[in-house]
1. The conditions are (1) in contact (Cβ under 8 Å) with a residue 12 or more places away in the chain; (2) more than 8 Å from chain A (Cβ to nearest Cβ); (3) open to solvent by 10 Å² or more (accessible area, probe 1.4 Å); (4) not hydroxyl-bearing (Ser, Thr, Tyr), and residue B:35 fails exactly one of them. Which is it?
2. If the requirement is being at pLDDT below 80, at the interface with chain B (Cβ under 9 Å from one of its Cβ atoms) and more than 39 Å from the chain's Cα centre (by Cα), which of these qualifies: A:5, A:41?
3. Against the condition at pLDDT below 70 and surrounded by 14 or more Cβ atoms within 10 Å (Cβ to Cβ), how does residue A:209 come out, does it pass?
4. Taking the condition within 22 Å of residue B:118 (Cβ to Cβ), within 12 Å of the chain's Cα centre (by Cα) and surrounded by fewer than 20 Cβ atoms within 10 Å (Cβ to Cβ), does residue B:29 pass?
5. Going through A:318, A:259 one at a time, which residue ends up being part of a loop (DSSP other than H, G, I, E, B) and either open to solvent by 30 Å² or more (accessible area, probe 1.4 Å) or at pLDDT 75 or above (or both)?
6. Look at residue B:8 and say whether it is open to solvent by less than 20 Å² (accessible area, probe 1.4 Å), at the interface with another protein chain (Cβ under 10 Å from one of its Cβ atoms) and not aromatic (Phe, Trp, Tyr).
7. On the basis of being assigned to a helix (DSSP H, G or I), open to solvent by less than 80 Å² (accessible area, probe 1.4 Å), modelled with pLDDT under 75 and more than 14 Å from chain B (Cβ to nearest Cβ), does residue A:79 make the cut?
8. So if I check each of B:157, B:165, B:139, B:147, which one is more than 10 Å from chain A (Cβ to nearest Cβ) and loosely packed, with under 14 Cβ neighbours inside 10 Å?
Amino acid sequence: MKQSEQERIEKEFANLEKKLNLSDDEKQDVLMQINARLDQENKPRTKTSFPFKYYLSIASMAFLLIILIMPVLPLHITDFRLQTKQVEQAFLDFFHEEMQTKYDQEEAPPYFLQHVKEKVVHEDDAIAIFVEHNHIAEQIFIAYFEIEDGNWQWRRTRGAQWDDPNPINWSAMHEPPYIYSGATLDQGLVEVFVGDVKAEIIIVEGEKRFWYAVSPKRDAEVTFIMDNGKEVLVEKFNRFYDLQPLLEQYFQNDEAIAEFTIDHFDYSHTNANGEVIYYLSYSMKPADRENFVLAGGGIEGEDGWFHERGYYVTYTKEGQLHFATSP
Amino acid sequence: LDNAARQLVNEWYRDYSNDIYQYVLFMIGDHERAKDFMQETFLLAYEKYSSFQGGSVKGWLFRIARNTTIDFIRKEKPIAYFFDQIPNVRSDTTSTESLVTLNEREEELYHALRNIKRSYCDVIILRKIKGLSIEETTKILGWNESKVKNTLLRGLKDLKKQLEKEGFAQ
């Protein structure tokens, strides 16, 4: 083959290699599927002390059963695999659509889906861990989802970031399932336990890691096991409960509000100024309904309470609260 | 160990998934199956993690991907396997060609590669497209050095013939 001809073909090889790539979404989806399959394989097996003599009769029955159902077995296995794959895909489609909506149809929304796990505490739920590069910083979120009436619903989210100046860089969801999570750069951290539950630790990039655990307890103790064998009980700290009295004080000073309650506490993060931002929804009952004017996006319920949705509250370094509709 | 293996496999996926996908895609020419085999490759890498004896991770992953693909061809396309041909595999979903915009010359080259012997295609992908060294290629294919060199030479000649047959755009 002539030199120039070979060079031309090799140049075309290079072009082909550049073009025959998987899209980022497809790559992410396959990675999610791999991790979901690994999660399934890693479920602990329970030991039983079943008397050996029964094994033979059970094995015989199983053999007979297999003989009977063998003709239709491959069909069912294929159906099951197909259904599992379809559920995974439906969840991924739902997640990406939600994020696309959040980012207002931006061509390349600045997020990366890091990890997905389905069937977390029941058959119809999932968690997703994703990294966002928003205007505040690089943040990592864990979100909990459930299927309701055949459709996926985004339930709750918690956020963290690696440059959080707060030494206790973890949080927990306050409704079941109690998902505890945190971000860490500490390479000495080997394991995390939430009560008796060992957390899963995910390497996000380089030294950036993220851990999470689903605990049956609302106020479980979080223990870090370090590489020197030292166990560090991370001080019980609950941002939600810390915020509650501050909010009560805030509304007590407002004469127009008679009562208030936090309906839903979503994620929190620390901004570049070291201030903590909370995302929450709350309800309040006006002291004087006739003269009460609601500013913002609340709605009035039949019970006379006003329900505000999607508010950001900033807790400043000076110890003051500020309300805003964006972080 | 499980966690460490898993983290490593995730890192390898980020570094090499495209390489593995492309390799399988050239070997079977089907986007969906290439994704499936790529997935199988990384799952097998996790399972066989303890048997990995160091060296080139990329080469090891290619070897797993190749075995997975060849197994598939042997079982599902025995005639193509017997005649050392690249099987014609098409799923019902979108084909690769419609996913990417290949120009005329690139498309001709892609088809020509898929019309030569499988062993020629194998060695051309590894050496010329993926740019692996002769040593790495010998390990992946299980051939000796001279077989890699000779097969590559013959493969390139055959590829040229195919391209001439298809009127490779000047």
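1. Single failed check for residue B:35: (2).
2. On the way: A:41 fails: more than 39 Å from the chain's Cα centre (by Cα).
Going through A:5, A:41 in turn, just one is at pLDDT below 80, at the interface with chain B (Cβ under 9 Å from one of its Cβ atoms) and more than 39 Å from the chain's Cα centre (by Cα): A:5.
3. Answer is no for this residue.
4. On the way: within 22 Å of residue B:118 (Cβ to Cβ): yes; within 12 Å of the chain's Cα centre (by Cα): yes; surrounded by fewer than 20 Cβ atoms within 10 Å (Cβ to Cβ): no.
Answer is no for this residue.
5. Just a single option satisfies the conditions, and that option is A:318.
6. Against the criterion (open to solvent by less than 20 Å² (accessible area, probe 1.4 Å), at the interface with another protein chain (Cβ under 10 Å from one of its Cβ atoms) and not aromatic (Phe, Trp, Tyr)), residue B:8 does not qualify.
7. Yes, satisfied.
8. That would be B:165, the only listed residue that is more than 10 Å from chain A (Cβ to nearest Cβ) and loosely packed, with under 14 Cβ neighbours inside 10 Å.
The values are calculated or read from the model by the stated rules, or taken from the named source; none is laboratory data. Everything numeric here is computed off the predicted structure, so don't read it as measured data. Note that each Cβ is placed from the backbone with ideal geometry, even for glycine, and that neighbours are counted across all protein chains shown. Heads up: the accessible areas ignore ligands, DNA and RNA and are worked out on the full protein's heavy atoms, side chains in. Shrake-Rupley method; radii C 1.70, N 1.55, O 1.52, S 1.80 Å.
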